[in-house]
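Student: This is the structure, below, for whatever I ask next.
The values are calculated or read from the model by the stated rules, or taken from the named source; none is laboratory data. Please read these numbers as outputs of a predicted model, since none were measured by experiment. Cβ: placed from backbone, ideal geometry, glycine included. Neighbour counts: every protein chain shown.
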């Protein structure tokens, strides 16, 4: 008989918005929460008996109820509450993974009273993944869709040429990418003090941007390593970083047929291509630490 | 024989990035330019003769060449150059419409040298549409995907009830929308002085946000009118505004089954719904002016 | 004071699935219905009074209730029921437009009992738009996302060359497009017999595909005209057709650097490009008829 | 110093269309090919030296050249050619993974000559992933976006109730999902005879659909297991299957406020919800076989 292997279930993409009122000053937390549970679930697969199954609808209700009962201090803290609840309250559930996307909002400056008007920031999406097995925690935070560009200080040459190589070497090119990154915390145990999740995110994001900006790049791999190693160097709470960086190609347009020289000291015109794109992915680890972030990041 | 009616053709979505270098300080213009031409084009439809057809590939080349030759001062100015070129240089072309999407970038703050590192702003997309028929101009600017929210100061009651009405009246709700707006300039003639397109955009965007924030709303229609009329009142260069505002519903979650009261003085938890959504659309005109912006905005 | 121009409101994207049971044989109708209403709506914009406003939530309820009460014979018939209801039951509503997307399902062939298992067809989306002003009807049907390709029998040459033209002439190319089409019926009055909407759709779709396949094409404009004129010629119930045809470019890859000739009698390898793309749009009319389909189709 | 962990690079989303001509009868292969390579790549990350780096541009060229030189018999066979080439021709490359999406086309029936007109099938996307380390092969095939529905023969009851459970039990519901599946072949060695990849795909797809249709479902987990075990039982070339099945909820609309009973013997009206959705994922293995398909499928 075919054997049941790894399995998990839950309610994905619960869109929860929490408004906290401090008089006329309001605060927003805007999350997309996905719950994934595992445990003694053989029977529901083999026979369809739901005797061990907490309905996904219940997990949805729990997300909303917890947002009221416990508030949303940070995505990570909220995920920890949820994961602990599912594992400790249900005998059949031995593992809970909470994935959260967070959308940032800024205040609209205006001359009216109160502070309860917002515009969505629209830049990166913040990510958090919290996993609990009843004993130890794994927290992976990250971001996606942060689009960055250096308009110079990037070269690409000295590479292998085989019979299919036609690319000319480049000594001054645009380097642009849409950053997708994840970082794993060394907080694993309730006995440890938890990191300041929001401060950690802000600083890690800052290091990511600055390492990108400050690296004179001979390859996107080099830039990636600089981004990751700077995080490891500066953020003691993080042991592992993984980036997935599409090389968003900007090709110099050939304007010679029109009697124009494109790359001149005062700038140039580029064609921003869609597909195909280079895709550079790597993990950077604190020395002695184990890699645990999945190598394909798209669905963290 | 079936008759040929309105027709237009061109190259859509030319992705052009212009870097301008001022020493180590660089500037970006990042556009998506669509060209649409019309004129004496019966024959290509009836017989397939291309004798009057400037290829769409040529219109693409022109976009890139003009970005180098003329630079990109603003989306509107760039579109004016292009539209004028197609209509005045080709006998068969009597009308050109240039649609432009513009993506904003911010500088990355860092301690390295130079100023050539950028992060995409990610908020709204700026829009411009320039139409020229050889004699007069029509310029419509706008924006899309600007997501805003008031977490209070919105009510909805006193509406018509019929046999299909179940909605309870609301005296304090979230009002959120994804603003799509267009505004038409009264600049139509080369003899007039052109507006300062970038300043006009910045101010119109500001008025849009502030009118949204400062309106105590009894209906999204009322908020829309306030947004539009504030632009007409403050921006003499604009005669017509149209907004398309999806009502991004945020429903109070019923937490009573869990023994929780949701809407309390310190805030509440909402479910952000995807579909369906209310959709409110209207045009606001300067008194005495004609409406020319299409009533369905999705593809301006 | 700024003047209110055209305005409309309603609930967009009501996803309604109707299962009809004929014993163990079930039938599906799977629609996405958007309601848009207009009429005496000045006050809600100017003062926020909702005294004339039927809530968008009520229009949503009406869609679901009508699906049960009246069934869904066809998208067009369903839209006619809805539009008539809103205009005739509410004094303030003078115009109703119902837009419907319909998704097709096929039966899964299997050896079990019953006929209630389906797989979504996944090809084009069928479209219908019904507008009623209390007196006369306008019905526009159509489709989108029907992707077609001729791998030969397409040429492109004899076009205008200006200083920005670099495109070589082509005597055998791929012609591919993603068909977006709309057609307007001459049924406008309840006194006329209504067309057989489903039969009309099936035949119009067939003519579209066959005209595309059977036209030896010298330009995409010519193919478009053949598609439209064939519908006008064969479908007496239709007076106007509009197509929006992106030219989905398939470029011959240059394999000469690798010592390979690409276009050989046994075939060739192409690069399917994303952006930019040619965009060809035109209306074809029955002689003597007026054009009423909007020239920009993206949101019909 | 921070340590480099797993890393991979290549060109993603090479869109290759191969037309094969057999006189006036043409055949299409339409693929999206992503190349990912790994090996001795430390230096490019640490110092930016590209001395071991075959450019991603070269891998793109190779995809197109191989489509001409070797043809595209099947996605799997094409991927095997490519993976073998990269690993055996470059000293520094020790592992190649080729991921392919394949889009199906059907012939347009028409009365013209030749057979070179096609319409894109539009249903599921076929998937293949081929990995080679110089010694052994791993081939995982699959599909995504195959949307299926049973309009009856599905129940859900007998589940765990906790304080957050409000879901009523269901004895007759719609079961709908968008199938994402992967299956791993036990072909790992050039010495083995390769499977008939296309026949294997066709049969595995058929079993997937039929198992979905023929299972009277007490839970989506049970249906998933039936789908996977049927493949293991019937397809000896496959040792492992994983499915990711979103529960596309179709909720019975409450029509009682309008005096209507919804679920009647002749059918019912449902609201097709977007988010949140249940998400059920599991692996089914041939007894004694190891699980190797990643548990999170979104980017296979």
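Student: Residue C:8 fails exactly one of the following numbered conditions: (1) closer than 23 Å to residue B:181 by Cα; (2) over 25 Å from the mean Cα position of the chain (by Cα); (3) surrounded by fewer than 22 Cβ atoms within 10 Å (Cβ to Cβ). What is the number of that condition?
Tutor: Here residue C:8 meets the rest and fails (2).
Student: So residue A:156 fits all but one of (1) in contact with a strand residue (DSSP E or B) (Cβ under 8 Å, 6 or more places away or on another chain); (2) without any contact (Cβ under 8 Å) to a residue 24 or more places away in the chain; (3) within 12 Å of chain D (Cβ to nearest Cβ); what number is the exception?
Tutor: For residue A:156, the failing item is (2).
Student: Right, here's the next one. Only one of these is part of a helix (DSSP H, G or I) and over 30 Å from residue C:14 (Cα atoms): B:223, B:204. Name it. Show your work before the answer.
Tutor: On the way: B:223 fails: over 30 Å from residue C:14 (Cα atoms).
It is B:204.
Student: Looking only at residues in the stretch A:237-270 that are within 7 Å of another protein chain (Cβ to nearest Cβ) and without any contact (Cβ under 8 Å) to a residue 12 or more places away in the chain, which one is surrounded by the fewest Cβ atoms within 10 Å (Cβ to Cβ)?
Tutor: Within the stretch A:237-270, the match that is surrounded by the fewest Cβ atoms within 10 Å (Cβ to Cβ) is A:265.
Student: Also, quick follow-up: For residue A:183, only one of the following conditions fails: (1) within 29 Å of residue D:66 (Cβ to Cβ); (2) crowded, with 23+ Cβ neighbours inside 10 Å. What is its number?
Tutor: Answer for residue A:183: the failing condition is (1).
Student: Quick one: which helices (runs of 4 or more DSSP H) lie wholly within the stretch A:42-145 and hold at least 2 residues that are away from every other protein chain (no Cβ under 13 Å)? Step through it out loud before you land on a result.
Tutor: On the way: elements: A:42-46, A:56-69, A:75-89.
So the answer is A:75-89.
Student: I've got another one for you. Among the listed residues C:240, C:281, which satisfies the condition of being in contact with a helix residue (DSSP H, G or I) (Cβ under 9 Å, 6 or more places away or on another chain) and under 18 Å from residue C:149 (Cα atoms)? Outline the logic, then answer.
Tutor: Details: C:240 fails: under 18 Å from residue C:149 (Cα atoms).
Checking each option against the conditions leaves just C:281.
Student: Quick one: how many residues across the stretch C:208-226 are farther than 18 Å from residue B:50 by Cβ and surrounded by fewer than 23 Cβ atoms within 10 Å (Cβ to Cβ)? Spell out how you get there, then give the answer.
Tutor: First pass over the stretch C:208-226, keeping only residues farther than 18 Å from residue B:50 by Cβ: C:208-214.
Those still in the list that are surrounded by fewer than 23 Cβ atoms within 10 Å (Cβ to Cβ) too: C:209-211, C:214.
Result for the stretch C:208-226: 4.
Student: Which residue, of A:154, A:219, is touching a helix residue (DSSP H, G or I) at 6+ places or on another chain (Cβ under 6 Å) and not assigned by TED's automatic domain parsing to the domain that holds residue A:131?
Tutor: Numbers: A:154 fails: touching a helix residue (DSSP H, G or I) at 6+ places or on another chain (Cβ under 6 Å).
Matching residue, one of A:154, A:219: A:219.
Student: May I ask you to verify whether residue A:225 is at the interface with chain D (Cβ under 10 Å from one of its Cβ atoms) and under 15 Å from residue A:177 (Cβ atoms)? Don't jump to the end; show me each part of the working.
Tutor: On the way: at the interface with chain D (Cβ under 10 Å from one of its Cβ atoms): yes; under 15 Å from residue A:177 (Cβ atoms): yes.
Considered against the rule, which asks whether it is at the interface with chain D (Cβ under 10 Å from one of its Cβ atoms) and under 15 Å from residue A:177 (Cβ atoms), residue A:225 comes out as yes.
Student: Checking residue C:80 against (1) in contact with a helix residue (DSSP H, G or I) (Cβ under 9 Å, 6 or more places away or on another chain); (2) surrounded by 18 or more Cβ atoms within 10 Å (Cβ to Cβ), only one condition comes out false. Which one?
Tutor: Among (1) in contact with a helix residue (DSSP H, G or I) (Cβ under 9 Å, 6 or more places away or on another chain); (2) surrounded by 18 or more Cβ atoms within 10 Å (Cβ to Cβ), the lone unmet condition for residue C:80 is (1).
Student: In addition: Scan the stretch A:271-285 for residues that are at the interface with chain D (Cβ under 8 Å from one of its Cβ atoms) and closer than 17 Å to residue B:16 by Cβ and jot them down.
Tutor: Pass one, the stretch A:271-285, residues at the interface with chain D (Cβ under 8 Å from one of its Cβ atoms): A:275-285.
Hits for the stretch A:271-285: nothing passes.
Student: Also, I was wondering about something else. When the residues of the stretch D:247-265 are narrowed to those that are outside any loop (DSSP other than H, G, I, E, B) and in contact with a helix residue (DSSP H, G or I) (Cβ under 9 Å, 6 or more places away or on another chain), which ends up farthest from residue A:56 (Cα to Cα)? Even if it seems obvious, please write down each step before you answer.
Tutor: Taking the stretch D:247-265 first, the residues outside any loop (DSSP other than H, G, I, E, B) are D:247, D:250-252, D:256-258, D:264.
Filter once more, keeping what is in contact with a helix residue (DSSP H, G or I) (Cβ under 9 Å, 6 or more places away or on another chain): D:247, D:257-258, D:264.
Numbers: D:247: 10, D:257: 28, D:258: 30, D:264: 27 Å.
Looking at residues that are outside any loop (DSSP other than H, G, I, E, B) and in contact with a helix residue (DSSP H, G or I) (Cβ under 9 Å, 6 or more places away or on another chain), I get D:258.
Student: Between D:233, D:198, D:172, D:190, which is touching a residue at least 12 places away in the same chain (Cβ under 8 Å) and out of contact with any strand residue (DSSP E or B) (no Cβ under 9 Å at 6 or more places or on another chain)? If you could, list the steps in order and put the result at the bottom.
Tutor: On the way: D:233 fails: touching a residue at least 12 places away in the same chain (Cβ under 8 Å); D:172 fails: out of contact with any strand residue (DSSP E or B) (no Cβ under 9 Å at 6 or more places or on another chain); D:190 fails: out of contact with any strand residue (DSSP E or B) (no Cβ under 9 Å at 6 or more places or on another chain).
Result: D:198 is the single residue among D:233, D:198, D:172, D:190 that is touching a residue at least 12 places away in the same chain (Cβ under 8 Å) and out of contact with any strand residue (DSSP E or B) (no Cβ under 9 Å at 6 or more places or on another chain).
Student: Here's a follow-up. Looking at (1) within 29 Å of residue C:142 (Cα to Cα); (2) touching a strand residue (DSSP E or B) at 6+ places or on another chain (Cβ under 7 Å), can you tell me which one residue C:41 breaks?
Tutor: Condition not satisfied by residue C:41: (1).
Student: Mind telling me which of the residues A:167, A:220 ends up being within 20 Å of residue B:110 (Cβ to Cβ) and either out of contact with any strand residue (DSSP E or B) (no Cβ under 9 Å at 6 or more places or on another chain) or within 12 Å of chain D (Cβ to nearest Cβ) (or both)? Working first, answer last.
Tutor: Working: A:167 fails: within 20 Å of residue B:110 (Cβ to Cβ).
Only one candidate passes the filter, namely A:220.
Student: Taking the stretch A:188-199, which residues are surrounded by fewer than 21 Cβ atoms within 10 Å (Cβ to Cβ) and under 18 Å from the mean Cα position of the chain (by Cα)? It would help to see each step written out before you state the result.
Tutor: Within the stretch A:188-199, the first condition is being surrounded by fewer than 21 Cβ atoms within 10 Å (Cβ to Cβ), and the residues that meet it are A:188-196, A:198-199.
Within the stretch A:188-199, A:195, A:196, A:198, A:199 qualify.
Student: Test residue A:56 against the criterion of being within 30 Å of residue D:215 (Cα to Cα), surrounded by 18 or more Cβ atoms within 10 Å (Cβ to Cβ) and assigned by TED's automatic domain parsing to the domain that holds residue A:21, and give yes or no. Outline the logic, then answer.
Tutor: Numbers: within 30 Å of residue D:215 (Cα to Cα): yes; surrounded by 18 or more Cβ atoms within 10 Å (Cβ to Cβ): yes; assigned by TED's automatic domain parsing to the domain that holds residue A:21: yes.
Yes: the conditions hold for residue A:56.
Student: Whether any residue in the stretch D:98-115 is out of contact with any strand residue (DSSP E or B) (no Cβ under 7 Å at 6 or more places or on another chain), over 17 Å from residue C:205 (Cβ atoms), without any contact (Cβ under 8 Å) to a residue 12 or more places away in the chain and surrounded by fewer than 23 Cβ atoms within 10 Å (Cβ to Cβ) is what I want to check.
Tutor: Yes: the stretch D:98-115 contains one or more residues that are out of contact with any strand residue (DSSP E or B) (no Cβ under 7 Å at 6 or more places or on another chain), over 17 Å from residue C:205 (Cβ atoms), without any contact (Cβ under 8 Å) to a residue 12 or more places away in the chain and surrounded by fewer than 23 Cβ atoms within 10 Å (Cβ to Cβ).
Student: Let me ask you something else. Can you spot a residue in the stretch A:286-298 that is outside any loop (DSSP other than H, G, I, E, B), in contact with a helix residue (DSSP H, G or I) (Cβ under 7 Å, 6 or more places away or on another chain) and either facing chain D (nearest Cβ under 9 Å) or surrounded by 18 or more Cβ atoms within 10 Å (Cβ to Cβ) (or both)?
Tutor: Within the stretch A:286-298, the subset outside any loop (DSSP other than H, G, I, E, B) is none.
No, every residue in the stretch A:286-298 fails to be outside any loop (DSSP other than H, G, I, E, B), in contact with a helix residue (DSSP H, G or I) (Cβ under 7 Å, 6 or more places away or on another chain) and either facing chain D (nearest Cβ under 9 Å) or surrounded by 18 or more Cβ atoms within 10 Å (Cβ to Cβ) (or both).
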